[in-house]
Amino acid sequence: MVFRKLPGVSASGMGLRLSQKFVFLLFLSGLVTLCFGALFFLPDSVRLKRIFLSKTESQPVTVGSENDVREHLKKGAKDPEHLRGITSAKGETSTKLKALSRKPAVTNEAKTDKKDAGGEALEDMTLSRSKTESASKDEKVTSSSNQGANTDTSFDYNKFKKCLLKPPLGIEHGKPSDPQTLQRREKVKEMMKFAWDNYKSFAWGKNELRPLTRNGHIGNMFGGLRGASIVDSLDTLYIMGLMDEYNDAKEWVETSLDLNSNGEASLFEVNIRYVGGLLSAYYLTGEEMFKRKVMVLGEKLLPAFNTPTGIPRGVINLGSSGTSWSWGWASAGSSILAEFGTLHLEFVHLSELSNNGIYTEKVMNIRKLLNKIEKPHGLYPNFLSPVSGNWVQHHVSIGGLGDSFYEYLIKSYLMSDKTDEEAKKMYYSALEAIEANLVQKSPGGLTYMAEWRGGILDHKMGHLACFSGGMVVIGADDGAPEKRQHYLDLAAEITHTCHESYSRSATKLGPEAFRFDGGAEATATRLSDRYYILRPEVIESYMYMWRLTHDPKYREWGWEAVEALEQHCRVEAGFSGIRDVYAQTVSHDNMQQSFFLSETLKYLYLLFSDDDLLPLEDWVFNTEAHPLPVVRKSCLQGEGGTHDKTTSE
Ligand code: DMJ
């Protein structure tokens, strides 16, 4: 538009008539609104957007649908491995995650990629330079945190130890009396040492080992945090008595675990691996350094809860902005049940150690919402909006996306010394709904847990869902007395089905997902479901079934798994996942997952140990197999002290 000076119109009015001025102002305000609106459509990485829309609440929800998730998956873009059931070889997960999540700002991860592409030496230099600075920087955060979440860290460790019913490592570190079991346990310990030594040689300080290429993998799940395999291994090394290795791990955490990361991390993964790993290392060893570290990290997770409902989003910036996002692939900007539902155990312990209720408050708020909201057929769908607090769609699964939410209900009850009646009630009603709607029997007589899509059953069970044998058996005793035997039977049947998924393959390892339709019985029918990435869930159920029934078949099944792992997954420089469990000649995925050290090998070791190694009366395992102690409030607050002193420690 061209403006001309008109006769009779003042200069101050820029020579415009009143009506023209009005049109111009209208145009201008339209333009401003348009520009501001456009900010919402910019990727999160654009700085302008961060300046104008820096608060979590102002992040728009991502629009998508369940089909979007499926489309991503079809294209091979898989969601993070922990989203049990719909993942690829986890080795690839981290890089794929980047494509799936909303694009993060330029962070440590961007730098990481450069390092992976040949900048290893640079990273090593950076790491060693930051070594000495790391601890003191953390201290700074701790002292500032005294004004925030963590007010009092005077937790009485000795008193806590006295409140345990039994010594954590048993009379003789759980050494089994029968020679064959002992030999098997030694084999598992050797596997751990082999996996650890190779990680140490080729990937020290990185998140995971790539055993074929003999280098480290960083990925982008942990927001710039490093050493996932180290933090995940601390307690396994300790309970196995691998003390030199444990001491190396401890020293690395003390000097090199830099928590001043500014990257985008999965709240769930950081919580179950880092928070869980540090908490259990602290409770087992009493090393104050672990407590200091975990307190700093815990506080960094709090901003994720700044949403209209208090339901956290899946991705959080660990830097000072504390901005959070929903996963780009999650339906309509929703949060995932298995993610926000798998914080309770760790957060309760953060409150215990800091003497600050904020962590418990956050997870109790999630609990409150879930308890109140209407549930279709009593089931909990996998996607919930953190803005409206409503379900986004009706996909229910005991495997990927839902799994550890159910696990944490019963474990919250057990960890509360059986005082958390609300968790108990929610668990048994959820189980009832699962039994009524998801549990199926195949024509061949195998019991399985199908998935539910708005009332329609998908006759598929993920490897991830195989943890449920263990879950049902640990809850068998506390349900209605007339149901006890039923729960024991259900747990045994599910574990049997999962074992079948292993024994029906050429490698005797189980696929990522198996089906019960089109004539299939516990076998994968799709090429994309045939991989095995060193996952623990089936072995986890063997361990719990053994502890609670002492049926020797579970130890035999565990040993079959050891032999299969040795034959097909052990390579020259570590352990690797495989791409097809049905192939006679395996192809390796070049990834030694940190959960292999944290979970798979730990559960195997416990399976071949006596029950007094981490007794279930005192310890509850988080979903990454990090043992957390039962909280005995009355003992801790009173005189305390039930621990029999004639023990190994
Ligand atoms: C682990 O990180 C945890 O068990 C999580 O709950 C699910 N996925 C992996 C192992 O498969």
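The values are calculated or read from the model by the stated rules, or taken from the named source; none is laboratory data. Since the model is a prediction, treat every value here as computed from it, not as a measurement. Neighbour counts are summed over all protein chains in view; Cβ atoms, including those assigned to glycine, are modelled from backbone coordinates with ideal geometry. To get the accessible areas, we keep the full protein, side chains included, count just its heavy atoms, and leave off ligands, DNA and RNA. Shrake-Rupley method; radii C 1.70, N 1.55, O 1.52, S 1.80 Å.
Points worth noting:
Residues checked against (1) assigned to a strand (DSSP E or B); (2) within 26 Å of Y532 (Cα to Cα):
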site: I398; (1), (2): no, yes
site: E407; (1), (2): no, yes
site: S412; (1), (2): no, no
site: Y427; (1), (2): no, no
site: E435; (1), (2): no, no
site: Q440; (1), (2): yes, yes
site: W452; (1), (2): yes, yes
site: G469; (1), (2): no, yes
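- Qualifying residue in region 593-602 (condition: in a loop (DSSP other than H, G, I, E, B) and either open to solvent by less than 10 Å² (accessible area, probe 1.4 Å) or touching a residue at least 24 places away in the same chain (Cβ under 8 Å) (or both)): yes
- Cβ-Cβ contacts under 7 Å between residues 6 or more apart (or on different chains), taken from a first residue in region 564-576 that is under 14 Å from G510 (Cα atoms) and modelled with pLDDT of 95 or more to a second residue that is open to solvent by 20 Å² or more (accessible area, probe 1.4 Å) and not small (G, A, S), are listed as A564/K508; H568/V586.
- Of the residues L438, L457, L431, L401, the single one that is farther than 28 Å from P629 by Cβ, surrounded by 18 or more Cβ atoms within 10 Å (Cβ to Cβ) and away from the ligand (no atom under 16 Å from the Cβ) is L438.
- Region 410-437: number of residues that are over 19 Å from E352 (Cβ atoms) and in contact (Cβ under 8 Å) with a residue 12 or more places away in the chain: 14
- Counting only residues that are within 25 Å of Y359 (Cβ to Cβ), open to solvent by 10 Å² or more (accessible area, probe 1.4 Å) and either modelled with pLDDT of 95 or more or assigned to a loop (DSSP other than H, G, I, E, B) (or both), region 229-272 holds 6 of them.
- Taken over region 162-193, the criterion of being open to solvent by 40 Å² or more (accessible area, probe 1.4 Å) and out of contact with any helix residue (DSSP H, G or I) (no Cβ under 8 Å at 6 or more places or on another chain) is satisfied by L165, K166, I171, E172, S177, D178, P179, Q180, L182, Q183, E186, E190.
- Hey, S412 more than 14 Å from A522 (Cα to Cα), within 16 Å of the ligand (Cβ to nearest atom) and under 24 Å from the mean Cα position of the chain (by Cα) or not: yes
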